[in-house]
Amino acid sequence: MSNDTMTRLVTEPIAALLKSHGYRKTGRTFRRVLDDVDHLITIQKSVASSALEIRLTVNLGVWIRASRGSGPGCPTKATCGQPTGNGDLGT
């Protein structure tokens, strides 16, 4: 399945939901800050996706500014500690 199709079928509906909860979107990354906590959600398309199905991973990250420091720029999946994606949670 093409990236455009994935965006239309998956990312856009998720973006609308997350926007209503205060998230801002950049590509397939969604961020919001509540108090001293950054919330990070990324959607990754798997190379195992085919023309008929989309396989993806949703990664979640939390950045607590008071305990980790704010540092330059926004936190990324890599700087939020051990990433947890839906593939890590079992089926």
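I want to confirm something. Restricting to region 18-64 and keeping residues that are among the polar types (S, T, N, Q) and in a strand (DSSP E or B), which single residue is surrounded by the fewest Cβ atoms within 10 Å (Cβ to Cβ)? Once the filter is applied, the top-ranked residue is T26.
Considered as a group, the residues in region 1-17 that are in a helix (DSSP H, G or I) and aliphatic (A, V, I, L, M) include one that is modelled with the lowest pLDDT, and that residue is M6.
In region 48-72, the residue that is farthest from the chain's Cα centre (by Cα) out of those that are modelled with pLDDT of 80 or more and more than 26 Å from T5 (Cα to Cα) is I64.
The values are calculated or read from the model by the stated rules, or taken from the named source; none is laboratory data. All figures in this text were calculated on a predicted structure; none of them were measured in a lab. All Cβ positions, glycine included, derive from the backbone under ideal geometry; neighbour counts span all protein chains shown.
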